[in-house]
Amino acid sequence: MGNLTSRVLEKLSRMAQDGSPKGRATDGKLDLFGLDKLVFLDIPHSKLEEIAREIGVPQHELALDLWQDNSYEAKLLSCMFSEPSEITESQADEIARRMDSWVICEYCCSRLLWKLPFAPRKALEWADSPDDSESCLGFTLIAALAAKMPDGADDAFGFFDYALFQARKGASRSDLNVRRAITYALGTIGLRGKDWLDAAIETADEIGAQPCRASRWVASQSLAGLKSTKAAKKTKGVAG
């Protein structure tokens, strides 16, 4: 661990609102999002942004070190300090293996991972993983890419078509966070335009026809949001 990492972790400890870490969360509800695996320092997000601004520039080694820490705040800071162009595929896989919660997963994907040049390929690879944490990460990254990729990139390697295929394949999984991430991905793909909205609705209908309670949950959650989006587009005069 470098000197900069030590200084940042010491600063986090000092900034903890009550002067000491909260320890592992024990509220059973937090377990639904994997948050029971993390230590909380109760530092406001605005304070973390201040630390990032003070250092000013991406610090790749610092980011890797912070990701190894078990506090919620250190992992958020890691995403702020990372330099996407310096992250290798093996380092991305290590990030995936240490993705402790769905909340961190969503933040990391939307702040950092979607910028990786190999993000679409890794998203599909992780989504298909038998490991629930990696699969959740993959579908969450698909959602981030759907939100962030510029118009006109839809046909790159057939990415979103294959993402919809992966959603149909993964919807029967028992892990709730994987199914949440699939629902998130379908909803975000549907926001890319009429054709993708129709494709996402068709995919959700196909998922709902699967003889599995988990799949029906994904379908009902997804269709509620997708049909709301379609209704909103019609209200605004956009053909649905």
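Each reported figure results from applying straightforward, stated rules to the coordinates on display, with no laboratory input. All values derive from a computational prediction rather than experimental measurement. As a convention, Cβ positions derive from the backbone with ideal geometry for all residues, glycine included, and neighbour counts pool all protein chains shown.
Computed values, structure above
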quantity	calculated
Folded to 0 to 90 degrees: helix 3-15 orientation relative to the chain principal axis, Cα	80 degrees
FRET efficiency, residue 98 to residue 220 (Cβ-Cβ, R0 41 Å, nearest 0.05)	0.80
Counted charge near residue 171, where neighbours are those whose Cβ lies closer than 12 Å (Asp, Glu -1; Lys, Arg +1)	+4
Virtual spin-label span in nm between residue 165 and residue 68, 7 Å along Cα→Cβ	3.9 nm
Compactness of segment 150-240 - radius of gyration and Dmax, Cα, Å	12.9, 39
Cross-link pairs 75/115; 122/230; 194/227; 122/169; 148/230 - those with Cα-Cα distance over 23 Å	122/230
Packing-based exposure ordering (other Cβ within 10 Å, fewest first) of 108, 136, 79, 212	212, 79, 108, 136
Ranking of 178, 39 by count of other Cβ atoms within 10 Å, fewest first	39, 178
Residue order, fewest to most beta carbons within 10 Å, for 122, 227	227, 122
Hydrodynamic radius by Kirkwood, which averages 1/r over all alpha carbon pairs of the chain, in angstrom	18.9 Å
Theoretical ellipticity at 222 nm over the chain - DSSP helices of four or more residues, -39500 (n - 2.57) apiece, nearest 500	-20000 deg cm²/dmol
Estimated inter-spin distance, residue 88 and residue 111, nm [label 7 Å along Cα→Cβ]	2.5 nm
